[in-house]
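What follows is one structure encoded as structure tokens, with my remarks underneath.
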Amino acid sequence: MKIRTTKKDEITNLLEELLTDIELDRNEWQQILLKTKRLLRLRPDIQIEKWIDLELFGYKNKEPFKKGTFSYKFMELTGRFSNFERTEGITSSFLSIDSFLDAEKTKLKLGNKNIYLSKNISIFSNLKGKIMALLHDYFTEIYYQIKYENVVESIFESYKQEIDKSIISESKEVIEMLPSVMDRLNENNTESISQALTTCRRIIDSFADVVFPAQDERVSLGNQELEVKKRKC
């Protein structure tokens, strides 16, 4: 028997893959970014999608970056700016940065002791770490949002089933009125609609009598005392 996978299940599985990819450094970064694009097709987020495009294709900007712009925001978040005024910085795609970092590390392993080599490795490693951290935080936030939604839905469904059972067992006659209401509404004429509304009022009264029968004494609800006589209940 084939188990049906929901969209939410697919998103959850993809998030688990992405989190594991980052935490265990088990996949190429190009694959991680492409998986992220797939996630954004399933769960759209325009701002994050624009950021991922910048990381894939580079922060192309012919003029100095201006505060308040989208590219400025993510240049700052990822630590790409190279001057205090935040007008210039590293604008290469993340994949180019990753390749450059690997090349610099290889040079270091081969015995190259150039002073700029260690500096480059430090700068680009820091940049890569910030991008990884941003992605990880984003995936984690969505993952727990979905888990929380599942818990809430489960609790709601559990109570709903109990209430449904109670309604069916305690007010069977009320339930039996519903098909006649639908039939009259489907007739789509003034007389039928009027009859349907009358039946709806009877249903509400009958249901109220079952759930909370009318009584002469007032009842307390929070800080208020309410009348629950027949005309009020």
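The values are calculated or read from the model by the stated rules, or taken from the named source; none is laboratory data. All figures in this text were calculated on a predicted structure; none of them were measured in a lab. Don't worry about glycine lacking a Cβ; one is built from the backbone with ideal geometry, like all the others, and counts go over all protein chains shown. When the accessible area is computed, the model is the full protein with side chains, heavy atoms only, and any ligands, DNA or RNA have been set aside. Shrake-Rupley method; radii C 1.70, N 1.55, O 1.52, S 1.80 Å.
Quick look at the numbers
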{"item": "Ranked order, Ile204, Ile121 - accessible area, probe 1.4 Å, largest first", "result": "Ile204, Ile121"}
{"item": "Heavy-atom accessible area order for Leu34, Leu95, Leu101, largest first, 1.4 Å probe", "result": "Leu34, Leu95, Leu101"}
{"item": "Accessible area (Å², 1.4 Å probe, nearest 10) - Met182", "result": "100 Å²"}
{"item": "Accessible area of Leu24 in the full protein assembly, 1.4 Å probe (Å², nearest 10)", "result": "120 Å²"}
{"item": "Pairwise label distance in nanometres, Ser82 with Asn186, each label 7 Å out on the Cα-Cβ vector", "result": "7.3 nm"}
{"item": "Residue list for the range 23-61, given a label point 7 angstrom along the Cα-to-Cβ vector of Lys7 and an amide N cut-off under 11 Å", "result": "41-44"}
{"item": "Candidate residues Phe81, Phe139: accessible-area rank, largest first, probe 1.4 Å", "result": "Phe81, Phe139"}
{"item": "Glu187 accessible area, assembled protein chains, probe 1.4 Å, Å²", "result": "110 Å²"}
{"item": "Inter-label distance, nm, simple model (7 Å from Cα along the C-beta direction), Arg38/Asp25", "result": "2.4 nm"}
